[in-house]
Amino acid sequence: PPFQPNLHRFFHSP
Amino acid sequence: MLELRLVQGGLLKKVLESLKDLVNDANFDCSASGFSLQAMDSSHVALVALLLRSEGFEHYRCDRNLSLGMNLNNMAKMLKCAANDDIVTIKADDASDSVTFMFESPNQDKIADFEMKLMDIDSEHLGIPEAEFQAIVRMPSAEFARICKDLSTIGDTVVISVTKEGVKFSTRGDIGTANIVCRQNPSIDKPEEATIIEMEEPVSLTFALRYMNSFTKATPLANQVTISLSADLPVVVEYRVAEMGYIRFYLAPKIEE
């Protein structure tokens with residue numbers, strides 16, 4: 001089944 | 001000192017109803033430019049960004065930047081006590097540990113104030129880069145809500161695919177499969193019923209329907225919803241808040257590994 005990454009994979013703390 | 005007076009108080013009620021199931025506690029950031037919020041759900045898979053620009057308020061006073069930590073369920077409970085046509089004023093002193101919501105009936109014959117305790121919330125602010133999207137779909141918000149609700153009775157995930165033919169929402173579950181295709185429809189007479197697809201490249205992404213259904217709690221805010229998609233990027237589901245701002249939901253796609 002596809003894996004659910006969280007948003008930290010795409011967006012970062014500035 | 002913070003004092004924000006919103007004639008369309010009903011908007012704030014609708015905003016809270018659309019946030020409270022996704023996020024428990026959040027900091028509302030008040031600055032000269034507006035009243036905003038960025039918060040993630042507890043699993044950090046979805047994020048909501050709200051902006052209500054200062055120009056949209058009848059009166060907007062914010063002497064210095066202030067962050068108000070609130071439990072959104074409790075805030076929603078208080079705002080539920082306002083009538084839909086009430087004028088809502090949010091007040092807070094700089095050093096105060098509480099916020100006051102004042103509700104005025106349109107003819108000023110009833111005035112209520114509700115004071116709510118503020119919280120200290122450690123929140124993480126993520127930088128969201130400006131992205132060029134491969135496809136942007138604008139469609140009636142009620143139609144999008146209906147599709148998410150219907151598909152979630154059959155499967156847990158939705159595949160959203162945009163091609164020249166239109167936008168396709170697909171799911172599969174134990175009982176079978178479902179595909180719903182919405183074609184471009186400019187609906188000149190009734191722009192709120194239009195479906196407009198701007199596509200640079202075909203794109204297909206998979207998302208958890210549970211979150212999509214949560215985002216559709218914002219449907220009462222706007223007739224139209226905008227869904228922006230790019231390969232391997234979170235989808236952006238945006239509802240405009242009258243002329244004063246927006247509520248944007250970001251959801252990480254499911255990926256094959």
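The values are calculated or read from the model by the stated rules, or taken from the named source; none is laboratory data. Note that the structure is predicted; figures quoted are calculated from it, not measured. A quick note on method: Cβ atoms are made from the backbone with ideal geometry, for glycine too, and the neighbour counts reach across all protein chains shown.
Looking at the stretch B:228-249, which of the residues that are in contact with a helix residue (DSSP H, G or I) (Cβ under 7 Å, 6 or more places away or on another chain) and either within 14 Å of chain A (Cβ to nearest Cβ) or not small (Gly, Ala, Ser) (or both) is nearest to residue B:141 (Cα to Cα)? Steps first, please.
Step one: of the stretch B:228-249, the residues in contact with a helix residue (DSSP H, G or I) (Cβ under 7 Å, 6 or more places away or on another chain) are B:234, B:237, B:239, B:241-245, B:247, B:249.
Then drop every residue that is not either within 14 Å of chain A (Cβ to nearest Cβ) or not small (Gly, Ala, Ser) (or both), which leaves B:234, B:237, B:239, B:241, B:243-244, B:247, B:249.
Numbers: B:234: 19, B:237: 10, B:239: 8, B:241: 13, B:243: 17, B:244: 18, B:247: 13, B:249: 14 Å.
Ranking the candidates gives B:239 first.
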Criterion (at pLDDT 95 or above and over 30 Å from residue B:128 (Cα atoms)) met by exactly one of B:45, B:7, B:23, B:99: B:7
Long-range neighbours under 6 Å by Cβ, at least six apart or interchain, first residue away from chain A (no Cβ under 11 Å) and surrounded by fewer than 16 Cβ atoms within 10 Å (Cβ to Cβ) within the stretch B:41-59, second assigned to a strand (DSSP E or B) and not hydrophobic (A, V, I, L, M, F, W, C): B:58/B:5; B:59/B:5
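Anything in the stretch B:82-93 that is at pLDDT 95 or above and outside any strand (DSSP E or B)? List them, or say none. Write out each step before concluding.
Narrowing the stretch B:82-93 to residues at pLDDT 95 or above: B:82-92.
Matches in the stretch B:82-93: B:82, B:83, B:84, B:85, B:86.
Among strands (runs of 3 or more DSSP E) lying entirely in the stretch B:1-81, which contain 2 or more residues that are among the aliphatic types (A, V, I, L, M)?
Qualifying strands (runs of 3 or more DSSP E): B:2-6, B:34-40, B:46-53, B:66-71.
When you scan the stretch B:163-257 for strands (runs of 3 or more DSSP E) that lie fully inside it, which ones turn up with 3 or more residues that are of a type in the set (A, V, I, L, M), crowded, with 16+ Cβ neighbours inside 10 Å and at pLDDT 95 or above?
On the way: elements: B:166-173, B:176-182, B:196-199, B:203-208, B:224-229, B:235-241, B:245-251.
Of the strands (runs of 3 or more DSSP E) lying wholly inside the stretch B:163-257, those with at least 3 residues that are of a type in the set (A, V, I, L, M), crowded, with 16+ Cβ neighbours inside 10 Å and at pLDDT 95 or above span B:203-208, B:224-229, B:235-241.
Residue-by-condition table, conditions (1) aliphatic (A, V, I, L, M); (2) within 14 Å of another protein chain (Cβ to nearest Cβ):
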site	(1), (2)
B:8	no, no
B:13	no, no
B:19	yes, no
B:27	no, no
B:31	no, no
B:36	no, no
B:39	yes, yes
Residue within the stretch B:119-132 that is modelled with pLDDT of 95 or more, touching a Ser or Thr at 6+ places or on another chain (Cβ under 8 Å) and on the phi < 0 side of the Ramachandran plot present: no
Selection from the stretch B:98-140 of residues that are among the hydrophobic types (A, V, I, L, M, F, W, C), part of a loop (DSSP other than H, G, I, E, B) and either more than 14 Å from chain A (Cβ to nearest Cβ) or without any contact (Cβ under 8 Å) to a residue 60 or more places away in the chain (or both): B:118, B:119, B:121
Lone qualifier among B:177, B:216, B:195, B:206 - being β-branched (Val, Ile, Thr) and touching a residue at least 60 places away in the same chain (Cβ under 8 Å): B:216
